[in-house]
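Take a look at the structure below.
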Amino acid sequence: MQTKILLDESRIPTHWYNIIPDMPGPLAPVINPRTLQPVTPDDLLPIFPMAIIEQEVSGERWIPIPEEVREIYRLWRPSPLYRARRLEQALGTPAKIYYKYEGVSPAGSHKPNSAIPQAFYNKQAGIRRLATETGAGQWGSSLALACSMFGLECTVYMVKVSCTQKPYRKSMMQLWGANVIPSPSEFTNAGRAILAHDPDSNGSLGIAISEAVEDAVSRPDTNYALGSVLNHVCLHQTVIGQEAKEQLALAGDYPDVVIACCGGGSNFAGTAFPFLADRAAGKNVRCLAVEPASCPTLTKGVYAFDYGDTAKMAPIAMMYTLGHDFMPPGIHAGGLRYHGESALVSQLHHAGLIEAKSYRQNACFEAAHLFARSEGIVPAPESSHAVRAAIDEAVLAKEEGKEKTILFCLSGHGQLDMGAYDAYLSGGLEDFEYPEEMIRESLARLPKVDL
Ligand SMILES: *Cc1c(COP(=O)(O)O)cnc(C)c1O
């Protein structure tokens with residue numbers, strides 16, 4: 001009986017799976033925040049290469065992965081699929097638990113799956129430099145890695161408070177050659193406006209996005225790259241689910257439930273979309289997105305048009321949202337603190353094709369602790385949400401005396417998140433109440449889109 005199911009390098013997928021042609025109904029338009037009219041490719045060309053813009057709206061079900069991208073994917077793909085036998089034993093469950101481990105990438109998460117093709121398409125379009133933002137540092141380090149592989153310059157606006165909280169993520173980015181700028185900074189109008197008002201600002205993801213976009217718009221040699229939420233990012237991540245499906249087939253299995261944590265939705269999309277394709281073809285498979293109770297976008301948000309960022313510079317999309325100026329409590333799963341959600345994941349949830357669930361952080365760290373002691377790998381705080389949900393599904397199977405096959409995505413390792421684990425071990429981890437009042441106030445400020 002196998003514990004680790006590996007695929008040969010030649011089994012790295014040759015195509016990404018694009019779910020757009022299989023969506024339940026047409027996509028809602030994306031709206032330009034200045035004109036309040038649908039975004040056109042011309043609106044996006046100052047910050048994205050044409051190949052990425054085309055992928056954002058493509059109706060092709062299978063999109064070829066460039067050979068140059070597959071060549072770099074080989075450094076860590078196909079990623080391993082594990083059967084979590086020791087965890088199953090610890091739980092005494094009749095369920096089989098499998099996890100797809102994306103922490104084997106050089107940056108330690110699934111994010112390079114999209115950073116690599118984004119850097120590639122920009123290089124191909126003659127771009128010399130990329131600008132982006134990062135919160136906890138996972139995306140910034142992934143893009144820094146990708147830029148170093150393709151010889152691009154990389155500037156990362158890093159939320160100022162994270163620069164002190166996650167200093168090693170900053171070192172990683174610098175090691176890969178990126179220029180890391182604490183945000184808000186003196187380098188952009190957006191940053192200067194914030195500093196004039198509040199010189200000690202801690203910064204936020206919304207402000208950092210505004211700085212990175214302004215940087216990209218103001219320089220012809222520079223584009224912008226986003227690490228989640230957008231359709232092309234979800235597309236690139238589908239290598240996860242495609243490989244997992246093949247690995248499960250080698251083990252003679254197919255999941256009853258597919259689980260992933262959900263921040264902007266990209267690792268969930270990447271894991272679940274290839275299985276949703278089977279579901280559309282009649283297979284019986286549930287897909288479950290897991291989010292923090294303190295930032296419960298899918299479970300407590302509304303399905304509406306909202307801005308992608310706090311500064312109202314990013315496009316307006318139809319999605320589940322808590323309001324663009326909602327400031328989630330400072331939980332340790334920094335990568336899940338986003339007010340909105342991928343439009344594709346949102347539409348699928350609205351149509352009832354996927355499920356969503358939320359957990360508080362202590363419950364997630366407890367699950368991660370049990371996982372680390374049985375399986376060895378220390379999960380990223382974000383991934384611990386998926387671990388929690390998988391354990392709960394397995395415990396339910398035990399209570400019901402039923403067999404069940406569970407697949408979850410372990411989106412990254414937590415080796416640079418020891419501050420969070422220290423806080424958990426010393427009992428200093430706060431469980432935030434569901435911030436109902438703040439969410440209600442924020443939802444009152446949604447844009448009025450009238451098409
Ligand atoms: C960024 C991140 C997430 C959340 O992002 P998604 O786009 O929702 O996948 C989850 N896990 C890890 C390890 C991350 O770095």
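Every number in this text was worked out from the coordinates using simple rules, so none of it is lab data. On a predicted model such as this, the values are computed, not experimentally measured, just so you know. Here Cβ is always computed from backbone atoms with ideal geometry, including for glycine, and neighbour counts include all displayed protein chains.
Report the full-extension gain for the segment residue 422 to residue 75: residue separation times 0.36 nm, less the Cα-Cα distance, to one decimal in nm.
Values: separation 347, 0.36 × 347 = 124.92 nm, distance 3.15 nm.
The residue 422-residue 75 span can extend by a further 121.8 nm.
Counting other beta carbons within 10 Å of each residue's own, what order do 148, 411 fall into, fewest first?
By the 10 Å Cβ count, ascending: 148, 411.
If r is the Cβ-Cβ distance from residue 89 to residue 432 and R0 is 35 Å, what FRET efficiency results, to the nearest 0.05? Intermediate values should be presented prior to the final figure.
Details: r = 33 Å, r/R0 = 0.95.
The value I calculate is 0.60.
Name the aspartates and glutamates eligible as straight-distance cross-link partners of residue 283: C-alpha to C-alpha under 20 Å, and not fewer than 8 places from it in the same chain.
Hits, sequence-local ones excluded: 22, 243, 246, 253, 256, 355, 393, 403.
Measure off 7 Å from each Cα along the Cα-to-Cβ vector at residue 303 and residue 446, then give the distance between these two points in nanometres to one decimal.
1.1 nm
Test of the criteria: in the stretch 382-418, which trypsin sites (Lys or Arg not before Pro) are in a DSSP loop and have at most 13 other Cβ atoms within 10 angstrom of their Cβ? Intermediate values should be presented prior to the final figure.
On the way: sites: 388, 398, 402, 404; in loops: 402, 404.
Taking the stretch 382-418 and a limit of 13 other Cβ atoms within 10 Å, the loop trypsin sites (Lys or Arg not before Pro) found are 402.
What number, in nm² with one decimal, is the all-direction average of the projected area of the convex hull of the alpha-carbon atoms of the chain? Show your work: numbers first, answer last.
Details: hull surface 80.1 nm².
That works out to 20.0 nm², a quarter of the Cα hull's surface.
Could you please rank 139, 176, 76, placing first whichever residue has the fewest other Cβ atoms within 10 Å of its Cβ?
Numbers: 139 28, 176 20, 76 17.
If I rank by nearby Cβ atoms, fewest first, I get 76, 176, 139.
Modelling each spin label as a point 7 Å along the Cα-to-Cβ direction, I'd like the residue 400/residue 68 distance in nm, to one decimal.
So the label points at residue 400 and residue 68 sit 4.9 nm apart.
Set the Förster radius R0 to 30 Å, insert the Cβ-Cβ distance between residue 36 and residue 221 as r into 1/(1 + (r/R0)^6), and round the FRET efficiency to 0.05. Before the final figure, lay out each step's value.
Numbers: r = 31 Å, r/R0 = 1.02.
Working from the Cβ atoms, E equals 0.45.
Rounded to whole Hz and in sequence order, give me ³J(HN,Hα) for the stretch 443-451 from the Karplus expression 6.51 cos²θ - 1.76 cosθ + 1.60, θ = phi - 60°, writing x for Gly and Pro.
Calculated HN-Hα couplings, in order: 5, 6, 10, 5, x, 9, 9, 10, 9 Hz.
What do you get when you divide the Cα radius of gyration of the stretch 329-411 by 2.2 N^0.38 Å, with N the number of residues?
On the way: Rg = 14.2 Å, N = 83, 2.2 N^0.38 = 11.8 Å.
Ratio of Rg to 2.2 N^0.38 Å for the stretch 329-411: 1.20.
How big is D for the stretch 172-212, in µm² s⁻¹ as a whole number, if Stokes-Einstein is applied with the Kirkwood radius of its Cα pairs at 20 °C and 1.002 mPa s? Each step should come with its number before you reach the end.
On the way: Rh = 10.6 Å.
The diffusion coefficient I find is 201 µm²/s.
Show me, bin by bin at 5 Å from 0, the whole-percent P(r) of the stretch 126-174 based on Cα pairs.
Percent of pairs per bin, in order: 5, 25, 34, 19, 11, 5, 1, 0.
Output the peptides 374-383, 282-291, 427-436, 236-245 sorted from most to least packed, where packing is the average of other Cβ atoms within 10 Å over each peptide's residues.
Numbers: 374-383: 24.1, 282-291: 19.5, 427-436: 13.3, 236-245: 26.2.
Sorting 374-383, 282-291, 427-436, 236-245 by mean packing, highest first, produces 236-245, 374-383, 282-291, 427-436.
Can you list the cysteines of the chain that have no other Cys Cβ under 4.7 Å away?
163, 234, 261, 262, 287, 295, 364, 409 - these cysteines have no disulfide-compatible partner (Cβ-Cβ under 4.7 Å) in the chain.
Let me know the Kirkwood hydrodynamic radius for the stretch 30-80, please, with Cα pairs as the basis and the value in Å to one decimal. Before the final figure, lay out each step's value.
Values: mean 1/r = 0.0737 Å⁻¹.
Across the stretch 30-80, the inverse of the average 1/r is 13.6 Å.
Would you please name the trypsin sites (Lys or Arg not before Pro) within the stretch 98-205 that are DSSP coil residues with at most 16 other C-beta atoms within 10 Å of their C-beta? Numbers along the way, then the final one.
Details: sites: 100, 123, 128, 129, 160, 169, 170, 192; in loops: 128.
Filter output for the stretch 98-205: 128.
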